[in-house]
Amino acid sequence: MYDIPFTLLFSLLSILSAYAFFDVAGRIVLKRGYLFLLWIACGAIATGTGIWSVYFIGMLTFHLPVSMAFNLLMIFLAMFTAIAGTGAALFILVQHSFTYSLLFTSALCLGTTMVSMHQAIIAAMNTQIIIHHNYTLLVLSFCIAVLFSFVALHIVFSKHKKISDTSTLRKLAGSGLLGLAILGMHYTAMASTTFITADNTTVPFILNHSLLASCVGIMSLMIALLTIAGAFLDRCYVIQLQYIFDTLDVSLWTRDIQNDQMITCSPGTEKVYGIPAEAFMKDKRLWKQLIYPGDEAFIKETETNLLAGKPATREYRIIDGNGKVKWLHERIIPTTDRTGTLLRFDGVTLDITQRKLAEQTVREERNFSQAILDTTEALIVVVDIQGRIVQFNRACEALSGYSFAEVLHQPFWETRLFENLDNQDMRTIFHNTLSGCFTPRTEQYWRTKHGTRRLISWNLSLIRNTHGSITHIMGAGIDITELRLTEELLRKSEKLSVAGQLAAGVAHEIRNPLTTLKGFLQLLYDSAEEKFYFDIMLKELHRIESITSEFLLLAKPEAMNFQAKNVISLLDDVVSLAATQAIMKNITIITDYALDIGVIYCEENRLKQVFIHLLQNAMEAMPNSGEITLQARMADERHVLISIKDQGYGIEPERLAKLGEPFYTTKEKGTGLGLMISYKIIESHEGTIKVESNVGKGTSVHVLLPAHPLTSVKK
C-alpha cells in the first residue's frame, strides 16, 4: 500500500518535473552556443531528477515485512539514466525542423528513460525477497509512458512553428499528461512486479522510509522550482529583448545558409527599407533589388568575404519601397560550425541617411571655408590648445616652402619657421596667449625652408566653443617684408633729399669765401720764404673744395652720357689707377674675369669713380697688407656681377645695415658721402650694390649692372 501524503507528493513532483521540461524546452530553442548546452543540462537535471525522485519515493513508501536497503551505485545509475534520457529527449525536441516523427522520437526517448530508470531502482533493492515480473504489464507500462508523452508533446508543440511561442495553458495541460505518463508507467510497472518471501508466500508492502522519501522529495521540488524560476526570469529577459527587437528602428535579421531562407527579420525592417518585414521573409533576395545602381560591385565584394567566413561592415545606398534614396550601414557576422561550414548570417542594418546628409553639409561647409582660406593672400595658421598646427593654408605653404602635411599636428615651437626665438620662449608666448595675456598684433620674422627671411605682421585671435572654453588660436598674417624695404627706401630717399638741399646750401656758402682764401693764399705763397705751412693750407683748401664739389654733385647730379663699354677694359683702367696706392700699402690686386663677359651700357667716368672709391675703401680696411680680389662674371643672361673682396677687419652687422645713408661712415675721417654717391650712381645705372661682411675675415661688395643687349647677341 502507498501512503496518501507521499502519493500526493510524487504526483506533484511528476507534474512540476513535466512543466519544467516544457518550460526549459521553450528557453533552449532561443539559445546559441554554450548557452544552448547549458540550458539542456539544466533542463535534463531538473526533469530527470524529478522523474527519478518520483520512482524512488514510490519505492521508499512501500511496506515490506523485512528490512530493506538500496545499492547506492544502482540508485545513482538510475538518476544518471533519468538525466541522460531527459537531456536526449530535449535535444531531439528543440531541433529547428519540427515534425511528428521528431515528437514521437522524443516521446520514445522519454518512455525508454522511465522504464529503464524504474527497473534500475527495482534492481537496486537489497533484500531476501524474490522479485517476479509480468512482462505483459511491463510492456503495457512502457506503451503508457510513450503514448501519454507523445500526446503531451503534441498538445504543447504541434500548433506552433516555434517552441518558444507555446502558451502557458498548453504547457500546463501537457504537464498534466506527462505527469500521468510518469505515474501511469510507475503504477503499471509496480503492478507487474511480484515480491515473494522465502516460504513462497506473497507478502504485503510494509517497509517505511518516510524520512528519506521526504528529503528526496523536498530536494527534487527545490530543483524543479529553481529551474522553473530560472526559466521565468529568462523569459522576462527575452521579453525585454523582444520588445527592443520589435521597437528599434533598425533591421535585425538572421539568414540560414544551409536551408537558404530567412529565419528572423525585425519589424524595424519596414522603416529601413520601406517594405514590410514579411516580404523579406518570403523573398530573401528582395533587398538586392533595392541596391542603388553603381553600388552592386561593392556589395558583391563584401559578399565574397562573408562567404569566406569573415565579418563585414559596409555602407551603401538603396532606393527604398517609397522611391527614396537612402544610405544604409550594415554589420554582418557569419556563424560557422567546428568544421568551418557556414551556418548563418546575423546582421543589423541602420538607416544613416540623415548622418550622411549632415556629413555632406559639414563637408561642403569645410570645403567652402577651405576654399576661402586657400584663395586668400593672408597667411592663416591655426593651432589647438596643445600648440599643434591644425590649419596651414596655401599662402603659408607658398611663402614658407613647407607643405601642410609637413607641419600638421606638430607643435609650432618645434618647427623651424620662427626666427630668433627658442622653444622655451615660444612655449611662454603660447601659454600667455591661452591665458589672455597677449598682444593681438605682433611682428615676427619667418625663416623659410629655402633659408630666406620674411617679416610677418600677425593678428592673433582666440577661438572658443559654446561653453566659452578656448579650443584654438588663430593667427592671420601679412608678409610686410617688401613694405618695410619700401619704407626704408623712402626713408633713405628723404634723407638724400634733405642732404642734397643741405649740401647745395653749404656748397654755395663755402665756395665764394673759399675762392677768396685760395687767391690771397696764392699771393702770399709767391712772396713767402717758408712755404711748408702754405703747402699744408693749400692742400686742406683743395680738400674742402673737393668736398663742396661732392656736395654739389649730390644736390644736382650732372647729366650723364651713356655708352656701350667693355667691362674688362673699364675695370683694367680702374686697377691701373689704384695700382700705385696698392703697391705703397703692400696690397695685391687680383683680377678674375670670366671669358663670356661682354659690354655694359654706362657712363664710364661715373662707374670708374664708383669702383675707384670701392677699391680705396678696401685698401683702407687692410692697413697691414693683403689681397684684394676683383671678379667679373655674368650673373645671368641679362646682368653682369662685379665683386670686390678684401681681407680687412670687416664691418659689424649693426653698421652694415646703415651703409649708404647720408653722412654715415665707418672711417675716422670719412664724411659718408662717397659711398652714398656710389649708391646713387649705381642706381642711376639701374643696378644694385650689396655688401657682405664677416668681422675679422673681410668684406665683399657686389655690384650688379644690367648687361647691354650686345652681350646676349655676342653669347
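Taking the stretch 337-390 as the search range and keeping residues that are polar (S, T, N, Q) and more than 30 Å from M426 (Cα to Cα), which one is surrounded by the fewest Cβ atoms within 10 Å (Cβ to Cβ)?
By that ranking, first place goes to T339.
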Is it the case that some residue within the stretch 400-415 is more than 18 Å from I478 (Cα to Cα) and in contact with a Leu (Cβ under 7 Å, 6 or more places away or on another chain)?
no
Look at N393 and say whether it is loosely packed, with under 15 Cβ neighbours inside 10 Å, touching a strand residue (DSSP E or B) at 6+ places or on another chain (Cβ under 9 Å), more than 30 Å from K326 (Cα to Cα) and at pLDDT 80 or above.
no
Against the condition at pLDDT below 75 and surrounded by 12 or more Cβ atoms within 10 Å (Cβ to Cβ), how does S527 come out, does it pass?
no
Here's a check for you: in the stretch 560-610, which residue that is surrounded by fewer than 17 Cβ atoms within 10 Å (Cβ to Cβ) and of a type in the set (F, W, Y) is farthest from P706 (Cα to Cα)?
Y593
Where a residue in the stretch 100-117 is not assigned by TED's automatic domain parsing to the domain that holds I144 and of a type in the set (S, T, N, Q) and its partner, wherever it lies, is buried (at least 17 other Cβ atoms within 10 Å of the Cβ) and assigned to a helix (DSSP H, G or I), with Cβ under 8 Å and at least six apart
none
Any residue in the stretch 581-595 that is modelled with pLDDT of 85 or more, assigned by TED's automatic domain parsing to the domain that holds T699 and of a type in the set (D, E)?
yes
Based on what the data block shows, is D346 touching a helix residue (DSSP H, G or I) at 6+ places or on another chain (Cβ under 6 Å), under 30 Å from L248 (Cβ atoms), acidic (D, E) and in contact (Cβ under 8 Å) with a residue 24 or more places away in the chain?
no
Would you confirm whether any residue within the stretch 663-671 is over 59 Å from the mean Cα position of the chain (by Cα), part of a loop (DSSP other than H, G, I, E, B) and at pLDDT 85 or above?
no
Given the criteria surrounded by fewer than 16 Cβ atoms within 10 Å (Cβ to Cβ) and either modelled with pLDDT under 90 or in a strand (DSSP E or B) (or both), does G309 qualify?
yes
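The values are calculated or read from the model by the stated rules, or taken from the named source; none is laboratory data. Note that the coordinates shown come from a computational prediction; the quantities given were computed from them, not determined experimentally. A quick note on method: Cβ atoms are made from the backbone with ideal geometry, for glycine too, and the neighbour counts reach across all protein chains shown.
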